[in-house]
Amino acid sequence: MEQLVNCYKALGDINRLNILKMLSGHELSVCEIMQGLNLSQPAVSHHLKILRQANLVESVKHGKLVLYTLNTCGLNHTYSLVNNHLGELRRFAMSENKPSALRENPNYCELMGLKRSICEKDE
């Protein structure tokens, strides 16, 4: 489950999605990514760290220069994790919902020690 959370965390930011798009078919340095996204070096490094931790990008050192590319194996693994998770959610959504305990016992909230108003909020 932690891997799935890391995948969603890595994919849940517009700048990280843009970095992945920029790296599609290219190897880029931090400076090139900074220019493309108009972000500071610390911000780009932070985003790259999260993408590396999720195994979505990898870095290769050429002397003093560090270049980033997409990690094909990591992307395939992420695709599989997300696809399996969405498949589970889809199966749950298509199955018959188990009725809420409130349908069977209108005093359920009070029995659980909660105020009835909490159970009735629609926000």
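Values in this text are rule-based calculations from the coordinates and carry no lab data. Predicted model only: the values in this text are computed from it and were never measured. Cβ: placed from backbone, ideal geometry, glycine included. Neighbour counts: every protein chain shown.
Show me, for region 88-94, the HN-Hα J-couplings you get by feeding each phi into the Karplus relation (A = 6.51, B = -1.76, C = 1.60, θ = phi - 60°), rounded to Hz, glycine and proline as x.
4, 4, 5, 4, 5, 5, 7
Using the Karplus equation 6.51 cos²θ - 1.76 cosθ + 1.60 (θ = phi - 60°), what ³J(HN,Hα) coupling, rounded to whole Hz, does each residue of region 22-31 give in order, writing x for Gly and Pro?
4, 7, 5, x, 9, 10, 9, 8, 4, 4
With an 8 Å cut-off on Cα pairs and a minimum separation of 6 or more residues, tell me the relative contact order of the chain in percent.
21 percent
Between Ala43 and Ser100, what length in nm is gained on full extension when 0.36 nm per residue of separation is reduced by their alpha carbon distance?
Difference between extended and current length: 16.1 nm.
Taking the Cα centre of the chain as origin, work out the dipole magnitude from +1 charges on Lys and Arg Cβ and -1 charges on Asp and Glu Cβ, in debye rounded to 20.
240 debye
Taking H placed 1.01 Å from N in the peptide plane, check which residues at least 5 places from Val57 or on another chain put their amide H under 5 Å from its amide H.
Counting only residues 5 or more places away or on other chains, the set is Arg52, Asn71.
If the convex hull of the alpha-carbon atoms of the chain is projected onto planes in all directions, what is the mean projected area in square nanometres?
11.6 nm²
How large is ³J(HN,Hα) for each residue in region 44-53, as worked out from phi by the Karplus curve 6.51 cos²θ - 1.76 cosθ + 1.60 (θ = phi - 60°), to whole Hz, x for Gly and Pro?
My calculation for region 44-53 gives 5, 4, 4, 5, 5, 4, 5, 5, 5, 4 Hz in order.
Per the helix-only calculation at 222 nm, which mean residue ellipticity applies to the chain, given -39500 (n - 2.57) for every DSSP H run of n ≥ 4 and division by its residues, nearest 500 deg cm²/dmol?
-18000 deg cm²/dmol
Could you list which residues have their amide H under 5 Å from that of Ser29, counting only those 5 or more apart in sequence or on another chain, with H placed in the peptide plane?
Answer set, sorted by chain and number: Tyr68.
How many angstrom lie between the Cα centre of region 10-37 and the Cα centre of region 40-67?
Using only Cα atoms, the two centres lie 10 Å from each other.
If we sort 24-33, 44-53 on the protection proxy, mean other Cβ atoms within 10 Å, highest first, what's the order?
Packing proxy ranking, top to bottom: 44-53, 24-33.
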